[in-house]
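Trainee: First, the structure itself, so that you have it in front of you.
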Amino acid sequence: MDQERTRGSLALVIDDDPEARRSARALLEARGYDVVHASNGLAALELIQRLPESFRLVLTELDLQGLPGIAVIEALRLFRPDLPVLCLSGRRSAVFAGGCLEKPLRAGELDVHLGALQGGMPTRWDAVAPITDEHAIDRAKARYALGGDLVEAALELARGIPGDE
């Protein structure tokens, strides 16, 4: 991992587990990132909205309380496609088939994913309960078009997650 390339870059860690946030922070700081954390998706999107050009990386837990991590990921994919996002999960299906990093986060695995991002490789989340409700996506796009509100757009996306009502 090229620390000079990341030095001074701001990373946002989203996880409701304080120990997981501390661990991710330590690993990212060792790789040259400055780290800010949020304990939920709503707070994270509010930070990104307030500081739109500041973040160079987002690392989010998939199974967040409140606004699910997949809604955060999808909102950023749709409305901030320039912002690299890595997901973190303890679910084996999300890790092995979906491209998420496994909890607890390990340095070697993080380095592989960061290297892929720096090399321009897209991140994929194939098995991570994608939002397939086109109406939810359309509603999110309409919300975002009205005022550029990532939080409102993500809440619309969350309504389209299978099994979430």
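The values are calculated or read from the model by the stated rules, or taken from the named source; none is laboratory data. Remember, it's a predicted structure, so these values are computed and weren't measured experimentally. As a convention, Cβ positions derive from the backbone with ideal geometry for all residues, glycine included, and neighbour counts pool all protein chains shown.
Trainee: Could you look through the range 54-67, keep only residues that are over 20 Å from ALA142 (Cα atoms) and in contact with a Gly (Cβ under 8 Å, 6 or more places away or on another chain), and pick out the one that is surrounded by the most Cβ atoms within 10 Å (Cβ to Cβ)?
Mentor: GLU61
Trainee: Would you list the strands (runs of 3 or more DSSP E) that sit entirely within the range 1-85 and hold 3 or more residues that are in contact with a His (Cβ under 9 Å, 6 or more places away or on another chain)?
Mentor: The strands (runs of 3 or more DSSP E) meeting that bar are 10-14.
Trainee: Right, another one. Which one is modelled with the lowest pLDDT among residues in the range 20-64 that are of a type in the set (Gly, Ala, Ser) and within 20 Å of ASP149 (Cβ to Cβ)?
Mentor: Taking the candidates together, the pick is SER54.
Trainee: Next question. Every residue in the range 95-117 that is within 16 Å of the chain's Cα centre (by Cα) and more than 17 Å from SER39 (Cα to Cα), please.
Mentor: Once the filter is applied, which keeps residues that are within 16 Å of the chain's Cα centre (by Cα) and more than 17 Å from SER39 (Cα to Cα), the range 95-117 yields VAL95, GLY98, GLY99, CYS100, LEU101, GLU102, LEU110, HIS113, LEU114, ALA116, LEU117.
Listed here are the residues, each with its yes/no results for (1) basic (Lys, Arg); (2) surrounded by fewer than 20 Cβ atoms within 10 Å (Cβ to Cβ); (3) touching a residue at least 60 places away in the same chain (Cβ under 8 Å).
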| residue | (1), (2), (3) |
| --- | --- |
| ASP16 | no, yes, no |
| GLU19 | no, yes, no |
| ARG22 | yes, yes, no |
| GLY41 | no, no, yes |
| GLU46 | no, yes, yes |
| PRO52 | no, yes, no |
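Trainee: Within the range 77-98, how many residues are surrounded by fewer than 17 Cβ atoms within 10 Å (Cβ to Cβ) and in contact with a Ser or Thr (Cβ under 8 Å, 6 or more places away or on another chain)?
Mentor: 0
Trainee: Testing LEU10 on (1) surrounded by fewer than 19 Cβ atoms within 10 Å (Cβ to Cβ); (2) more than 20 Å from ILE73 (Cβ to Cβ); (3) at pLDDT 95 or above, one condition comes back false. Which one is that?
Mentor: The single condition LEU10 does not satisfy is (2).
Trainee: Still on this structure: From the list ARG92, ARG21, ARG31, ARG7, which residue is farther than 18 Å from GLN118 by Cβ and over 14 Å from the mean Cα position of the chain (by Cα)?
Mentor: Going through ARG92, ARG21, ARG31, ARG7 in turn, the sole match is ARG92.
Trainee: Please determine whether any residue of the range 69-76 is among the charged types (D, E, K, R), surrounded by 20 or more Cβ atoms within 10 Å (Cβ to Cβ) and either touching a Leu at 6+ places or on another chain (Cβ under 9 Å) or over 19 Å from LEU155 (Cα atoms) (or both).
Mentor: Yes, the range 69-76 contains at least one residue that is among the charged types (D, E, K, R), surrounded by 20 or more Cβ atoms within 10 Å (Cβ to Cβ) and either touching a Leu at 6+ places or on another chain (Cβ under 9 Å) or over 19 Å from LEU155 (Cα atoms) (or both).
Trainee: Starting from the range 99-120, take each residue that is surrounded by 14 or more Cβ atoms within 10 Å (Cβ to Cβ) and list its partners that are of a type in the set (Phe, Trp, Tyr) and not in a helix (DSSP H, G or I), counting only C-beta distances under 7 angstrom and pairs at least six apart or across chains.
Mentor: Close Cβ pairs (under 7 Å, with a partner that is of a type in the set (Phe, Trp, Tyr) and not in a helix (DSSP H, G or I)) amount to GLY99/TRP125; CYS100/TRP125.
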